[in-house]
Every structure is written in structure tokens, then in C-alpha cells.
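Here's the structure, in C-alpha cells; my notes come after.
What follows draws every value from the coordinates through simple rules; no lab data is involved. Just so it is clear, the structure is predicted and the values come from calculations on it, not from any experiment.
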Amino acid sequence: MKQFISFVIKEARHILRDKRTMLILFGMPVVLMLLFGFAITTDVKNVRTVVVTASMDHLTHQAVERLSASEYFNIVATVGTPREAEQMIRRQKADLAIVFGNNFASALNSLTAGGKVRKGGGVQMMVDGADPNMAQQWTVYAQSILSQSVVGNHQAMSSPFANILGVRLLYNPQMRSAYNFVPAIMGMLLMLICAMMTSISIVREKERGTMEVLLVSPVKPLMVIVAKAVPYLILAICILVTILLMARFVLDVPLQGSLVWILLVSMIYILLALSLGLLISNIAQTQLVALLLSAMVLLMPVVMLSGMLFPVESMPVVLQWVSALVPPRYYIEAMRKLMIMGVGIGEVAKEVTVLVAMTVFFLAVSLAKFNKRLE
């Protein structure tokens, strides 16, 4: 045991002595969290909005005030016809146009009273659809604002527009992109740091010819590999805690679920990443090959196929099958459910089962291949 601890201390000193490695390990999580939390964001802000109405009745005026009072929409003009609004969108002077019918107030009152909506009395939204994702978000934001209840005199008054809109947002009522990005960043960082750094560390020993010296020591070969992985396990836990603290106190992302289950599922995922790093180290003979394998096998699939940036359900069927082989997909799904939705461990049993199975598989293959290489 004393020899094993000595190997762990040796590897930890190697990591701490390399300033570039320390910068990557602790600088990258902080930078990515700040970038995806504040700079690279899909949040809606300052959408240039034009209002189309023939007569500004009290309900139309109330709807315009609701939109202008929010930080998401900026009323740039009021025009009389939809054609004028379309021309403003074509000239890139507006992003969204809200068209109120000529009989909007009376039509809405008749709908509230149980009647039918009069012709020309509805609401229409014209959106610049050059970016379909943002166009959809603008529409949802506008519907959400118009349908929100108004709180006054300690009582909540229902919105007069709720009957025609019927929008209710769960778990993320403010629709902040940080709620979506934080679990994804956790999955990407833990995978890259654990797998890539572990594989490079072992390959570095092979490249320098010092791995043979370690393997002929009194310590068993398996203990040598485990001792090299332990410092990265500790570093991964520190990075996980850092990400959770930044998410809670810097980005205001809630931790709705149990912190114990979040940490437990994360530990399973970290062990999975370490197993992948060991497998890559068995295949690669140089650090360059290890980096290329990590980039091709880990980085690109994590970013493109894990659901980090694009919903898996929106992908072609073939890519959905491929994404089923990407471990971060299950971790990101589990973290979104535990952190944002606040569900119990039973609701993520499928994801946890897949992560455990992948961990056992990769660890068994890695150790088997490692032992064959020694013979």
C-alpha cells in the first residue's frame, strides 16, 4: 500500500509541476462556463419589434406595454398595415411584427364571454425566419409574456390574452440558455479531462521509455495504472465541484435535484471517462496519436452527437443510432433531469444503467488489452 501511495504522489507531482496542464485543467472549465453562461448564449434580448394595429384600444395598448416593459423586446415602430411591417423586416429594421386585428378588443371580450372570435380580431406574428431556431424562440417569448398573470394588491390577475395563447413554461420559465449549457459543459469537460489527460499521461511514459521501468518495479502493473489515474480522479472531482459552484452562484442555475445523486452519477461518469482514457493509451504509442484519437473519438461526438448543442430527436435516424453509442449523451440527459427538473434517481435509472454498463465494458476491455500487451 505504501508503494501504491508513492506512485500516486509521484504522478500528482508530475501534474502539479506542469503549468500548462494545470492551466488546461482549471482554466478551461472556468473559461467555458463563463463563455457559455454569458457570451455564447441563445437567450433572447432586444428583439426589434414592430406593432401593427389600425386602432390602439386599451387591450392593444396593454399588450404593447407588456412587451416593451420586458428586456427581451424593443418596440421600434407602430404601423397601420402588415405590408409596412413586412417591408421593415425585409430592410432588416425589425425582427418581429405583431399584428392585431381591427376588432381585437371586442373579439377578445367575446371570446372571454364564451362567444366566437370575430373575423379579423385575432393576433398574428410575423417573424424573420432566416434563423429558424431564434425565430421560434422569439415567438415563444412573446407568447409567454402576453400570457403571464399580473400580480397586484397581493392577488394574481389572469392575463386577458391567456385564453388565446395558452402558453406555460416549466422548469425554465425565463428560458435561459445556461440551464441547457451547464449540464452539457459538465459532460464535455469531465470526459475530455479524464480521458484525454489520462491517456496522454500513460502514453508519455511509454514514449519516454519510463513505463518499462515502472512495470518492472515491485508494484503490480495494474496498480501502476490505477495509481496514475487516481490524481486525475481527484482533479475531476475538484473540477466538478467548481462547475457546480459556478453554476449555482455565478450563472444562477438551480440545483433542483438531490446533490448526493448528482455527485454519485458524476462519479460513475468520471470512472467511465478514465476507462476510455486507459483504452486510448493502450492503442496509442505517441502523445500525438493519443491527442488525435481523443479528438476524433471524444471531442467531435461529444459536441455534435451528445445533445449538447443540437437535440438528438431532431437528428436523422442514422445519427440517432450513432449518438446512442456516445456516453456523454446519457450523462447530459441525466444531469438535466436531476439539476433542472429536480426528479429522483428513479427517473434517470435508464441513463445510469447505460453509464454503468459502458464503464464495466470499457474497463474490462482496457485491462484485458493492457495485460495482453505485457505478455
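Summary of computed values
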read-out: Nonlocal amide H pairs with N74, under 5 Å, H built at 1.01 Å; value: V47, R48, T49
read-out: Long-range amide H partners of S177 with built H, under 5 Å; value: T42, D43
read-out: For the stretch 267-280, 3J(HN,Hα) per residue [Karplus equation, 6.51 cos²θ - 1.76 cosθ + 1.60, θ = phi - 60°, Hz, x = Gly/Pro]; value: 5, 4, 5, 5, 4, 4, 5, 5, 5, 5, x, 5, 5, 5
read-out: Under 26 Å from K369, Cα to Cα: lysines that are on another chain or at least 8 residues apart; value: K10, K206, K220, K228
read-out: Whole-Hz couplings from phi, Karplus 6.51/-1.76/1.60, listed for the stretch 318-323; x for Gly and Pro; value: 4, 5, 5, 5, 5, 5
read-out: Distant-in-sequence amide H partners of V99 (H built 1.01 Å from N, under 5 Å); value: V52, Q124, M125, M126
read-out: For the stretch 248-325: rounded, prolate or oblate by the Cα gyration tensor [a/c cutoff 1.5]; value: oblate
